[in-house]
1. Looking at (1) over 32 Å from the mean Cα position of the chain (by Cα); (2) modelled with pLDDT under 95, which is the one condition that is false for R54?
2. Any idea how many residues of the range 7-41 are surrounded by fewer than 12 Cβ atoms within 10 Å (Cβ to Cβ) and not aliphatic (A, V, I, L, M)?
3. Return the pair list, or none, for Cβ contacts closer than 9 Å from residues in the range 3-16 that are without any contact (Cβ under 8 Å) to a residue 40 or more places away in the chain to residues that are surrounded by 14 or more Cβ atoms within 10 Å (Cβ to Cβ) and in a loop (DSSP other than H, G, I, E, B), at least 6 apart or on different chains.
4. Only one of P3, P80 is in contact with a helix residue (DSSP H, G or I) (Cβ under 8 Å, 6 or more places away or on another chain), outside any helix (DSSP H, G or I) and at pLDDT 85 or above. Can you tell me which?
Amino acid sequence: MQPSADLCRARAAHHDAVARGATLDNVRLIASAAAAAWAKEGAAADIREDRRLRTQAFAAAPMLPIEPPSAALRGLSENPDRGHADRA
């Protein structure tokens with residue numbers, strides 16, 4: 001399961017708060033590194049969620065029916081006596 005962007009931002013904010021409130025250097029360093037890692041994961045989650053929305057919108061778009069070429073378009077063919085090749 002991949003974390004959402006909101007969860008990543010919340011965890012990054014939590015670790016930033018821990019880093020600001022820490023009195024020990026090692027706790028501050030670890031919390032700062034964790035906050036940076038959650039921020040990086042949040043950026044990846046934003047990209048993932050945007051891609052998911054675009055993909056869903058594309059998949060929901062109605063597919064246009066394939067129509068045979070009209071008689072007016074047959075003149076534009078390289079072989080006007082045969083028309084365009086039929087799709088198999």
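1. (1)
2. Of the residues in that region, 5 qualify.
3. Close Cβ pairs (under 9 Å, with a partner that is surrounded by 14 or more Cβ atoms within 10 Å (Cβ to Cβ) and in a loop (DSSP other than H, G, I, E, B)) amount to R11/P3.
4. The conditions single out P3.
The values are calculated or read from the model by the stated rules, or taken from the named source; none is laboratory data. From a predicted model like this one, the values you see are computed outputs, not experimental measurements. A quick note on method: Cβ atoms are made from the backbone with ideal geometry, for glycine too, and the neighbour counts reach across all protein chains shown.
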